[in-house]
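Structure record follows, encoded as structure tokens.
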């Protein structure tokens, strides 16, 4: 029997989405239904790497484009796998599909009272007496604040409405004995409610010093007894991920920048769960969360289009692939011969382990198929849980039948259930996370031959500051466009406060306008592309290998890893025993932010090829591709051709055609042979 799913569809601009979705979420919980939502939005498909969401356009915050991320196909996938009840407020992008497929609607209305009555009646449930009214019109400093108020509705089992609800709708929902609980509702609205005879209780109001931190902090403390974890991010993100937040009892917290709330509520955040859902404001968030023993599972709106896909039971048919992912590409004797000949193996690892990054898989699978690239695909447990179906299923589908098997090897990413700075976490927590990830993956793939054996880390060493001589220079020449970089230290505007006096405010505004005009002038003149701010960790490098990290990975059942220690030097085995081996990365750039060591251009690989071939000794070229910067739908149209050239370079043996393209597991075997035989 199919699971029952209630799906709420609406336009992303509707101010009532959060209160309606929170109401439907608790109703579904009580009725043993799954709950999901989808909001029509404009999507630019780009990569959100952090910063103040208020400075960006809505399309930059809402994830992948509808066609590229297969929103309609995923909608049909839900219809096939669940018994779906659709609740639609006003219009939806799926309305034509719904009508053509003759799918009945549980409720379709442009009136909130009518919508609620139809849904509650369909589920044979009386309307609650308590009504929670939340503010919906906030100043820019608190724009979207209503997204963080879902716990006030969900845990009270109340009807949620925005303060913009028409009087007629509210009157229709109000019953004898009802009361209206107000959160951040305008005082004029409260006065009108009282004049009309409603029983009103003001639970929380904004004061002049309130910001995201103070408001979400109060909510976190109010509901801490219900909390099992956290979701950290901007209002657009929270409103889209409300179904998961409610289902998993995650309380949303936020500040600008997010470091503030991680500091203010550090003890509280550390006390619940081991994975924080959300997205970073800056790379410092990864470090601060890791110090709290939390990793981050990065999410975006509509990546995937429907969060309920994680509840689909989907099993791989793997009988035809007897060797799993680890059949020998080359025998030990062949690898020994390569070592004697001084051959160089080459492999890339595509970091795509966050929930939002399953959107990469469509373009990545095309890339692997067309180039026949042998490589690693870095995943976490949630990668499998949210998408066992195609395109991930192509990992076990033979190349001659349209898949990518046996070209691609899954590698376990970072903490296994999220990304973190591994060196900042306790080893017990890190081990728990890795073991949990492998257990969850095995639950999905059913067969140990398909479990990851390799480990990709974000930062498994301490960071050490570069001496002055080796620090990045303010003017740099690079081997790819725009060829010249002029570097500067960006000022974080979020820490600025306006002067209190009128004259100070005027000066502040003049400075702001002047800077804006200079920026616009540089853009018009085509000069802006040459100016690049320093990244947070450009003045640092990876430290030495941490043996405790090695023991943690071994204890979890992993067999090899690539460490950030010894980056950009000659190939070197950093650790080896009978059960485990750790190797260094040998190509790419130190990026100064996560994931720190990556390929930025094909010239990075060409440079490593020249250096290692000239050395005339066996070794390897290995580095990371940060997939979302290349294969998110909005990025792919800008950089897809460059990525294809990188893949071809590897699969065709480099510029020299002397390199041997293999999967990471084979590189680990080769390194062991080189080390054991002292070649």
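The values are calculated or read from the model by the stated rules, or taken from the named source; none is laboratory data. Remember, predicted model here, so these are calculated numbers, not experimental data. Neighbour counts are summed over all protein chains in view; Cβ atoms, including those assigned to glycine, are modelled from backbone coordinates with ideal geometry.
So that you can scan it fast, the table gives a plain yes or no per residue for (1) in contact with a strand residue (DSSP E or B) (Cβ under 8 Å, 6 or more places away or on another chain); (2) within 30 Å of residue 300 (Cβ to Cβ):
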{"site": "578", "(1), (2)": "no, no"}
{"site": "581", "(1), (2)": "yes, no"}
{"site": "604", "(1), (2)": "yes, yes"}
{"site": "622", "(1), (2)": "yes, yes"}
{"site": "654", "(1), (2)": "yes, no"}
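Taking the criterion of being under 21 Å from residue 235 (Cβ atoms) and over 17 Å from the mean Cα position of the chain (by Cα), would at least one residue in segment 60-77 satisfy it?
There is no residue in segment 60-77 that is under 21 Å from residue 235 (Cβ atoms) and over 17 Å from the mean Cα position of the chain (by Cα).
Being over 19 Å from residue 7 (Cβ atoms), in contact (Cβ under 8 Å) with a residue 24 or more places away in the chain and over 35 Å from the mean Cα position of the chain (by Cα) is the filter here; which residues of segment 118-139 pass it?
If the condition is that a residue be over 19 Å from residue 7 (Cβ atoms), in contact (Cβ under 8 Å) with a residue 24 or more places away in the chain and over 35 Å from the mean Cα position of the chain (by Cα), then 127, 128, 129, 130 are the ones that fit.
How do the helices (runs of 4 or more DSSP H) wholly within segment 125-195 filter down when requiring 3 or more residues that are modelled with pLDDT of 95 or more and out of contact with any strand residue (DSSP E or B) (no Cβ under 7 Å at 6 or more places or on another chain): which remain?
Where helices (runs of 4 or more DSSP H) fall fully within segment 125-195 and carry at least 3 residues being modelled with pLDDT of 95 or more and out of contact with any strand residue (DSSP E or B) (no Cβ under 7 Å at 6 or more places or on another chain), they are 167-173, 187-195.
For segment 13-47, give me each residue that is closer than 30 Å to residue 635 by Cβ, modelled with pLDDT of 95 or more and either outside the structural domain of residue 169 (by TED's automatic domain parsing) or not in a helix (DSSP H, G or I) (or both).
Passing the criteria: 36, 37, 38, 39, 40, 41, 42, 43, 44, 45, 46, 47.
Restricting attention to segment 616-661, and to residues there that are assigned to a loop (DSSP other than H, G, I, E, B) and within 24 Å of the chain's Cα centre (by Cα), which single residue is surrounded by the fewest Cβ atoms within 10 Å (Cβ to Cβ)?
Step by step, filter segment 616-661, then rank; the result is 627.
Got at least one residue in segment 183-191 being in the same structural domain as residue 237 (by TED's automatic domain parsing), over 30 Å from residue 257 (Cβ atoms) and surrounded by 13 or more Cβ atoms within 10 Å (Cβ to Cβ)?
yes
Might you let me know whether segment 390-398 holds any residue that is surrounded by fewer than 24 Cβ atoms within 10 Å (Cβ to Cβ), touching a residue at least 60 places away in the same chain (Cβ under 8 Å) and either in a loop (DSSP other than H, G, I, E, B) or out of contact with any helix residue (DSSP H, G or I) (no Cβ under 8 Å at 6 or more places or on another chain) (or both)?
Checked segment 390-398: at least one residue is surrounded by fewer than 24 Cβ atoms within 10 Å (Cβ to Cβ), touching a residue at least 60 places away in the same chain (Cβ under 8 Å) and either in a loop (DSSP other than H, G, I, E, B) or out of contact with any helix residue (DSSP H, G or I) (no Cβ under 8 Å at 6 or more places or on another chain) (or both).
Check whether at least one residue in segment 430-438 is in a loop (DSSP other than H, G, I, E, B) and crowded, with 19+ Cβ neighbours inside 10 Å, and report yes or no.
Checked against the condition, which is being in a loop (DSSP other than H, G, I, E, B) and crowded, with 19+ Cβ neighbours inside 10 Å, segment 430-438 yields no hits at all.
When residues of segment 106-117 are filtered for being touching a strand residue (DSSP E or B) at 6+ places or on another chain (Cβ under 8 Å), over 30 Å from residue 54 (Cα atoms) and surrounded by fewer than 17 Cβ atoms within 10 Å (Cβ to Cβ), how many remain?
Total satisfying the criteria: 1.
Please state which one of 586, 594 is assigned to a loop (DSSP other than H, G, I, E, B), at pLDDT below 95 and closer than 28 Å to residue 643 by Cα.
That would be 594, the only listed residue that is assigned to a loop (DSSP other than H, G, I, E, B), at pLDDT below 95 and closer than 28 Å to residue 643 by Cα.
Taking the conditions exactly as written (under 20 Å from the mean Cα position of the chain (by Cα) and not in a strand (DSSP E or B)), does residue 609 satisfy them or not?
No.
Taking the residues in segment 317-334 that are out of contact with any helix residue (DSSP H, G or I) (no Cβ under 9 Å at 6 or more places or on another chain) and modelled with pLDDT of 95 or more as candidates, determine which candidate is nearest to residue 231 (Cα to Cα).
Ranking the qualifying residues of segment 317-334, first place goes to 331.
Residue by residue, here is whether (1) touching a residue at least 40 places away in the same chain (Cβ under 8 Å); (2) assigned by TED's automatic domain parsing to the domain that holds residue 649; (3) part of a helix (DSSP H, G or I) holds:
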| site | (1), (2), (3) |
| --- | --- |
| 357 | yes, yes, yes |
| 365 | no, yes, yes |
| 370 | yes, yes, yes |
| 373 | yes, yes, no |
| 384 | yes, yes, yes |
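Restricting the search to segment 355-374, which residues are out of contact with any helix residue (DSSP H, G or I) (no Cβ under 8 Å at 6 or more places or on another chain) and crowded, with 24+ Cβ neighbours inside 10 Å?
Scanning segment 355-374 gives no hits.
Check residue 554 against each of (1) in contact with a strand residue (DSSP E or B) (Cβ under 8 Å, 6 or more places away or on another chain); (2) outside any loop (DSSP other than H, G, I, E, B); (3) under 20 Å from residue 669 (Cα atoms) and name the one condition it does not meet.
Every listed condition holds for residue 554 apart from (1).
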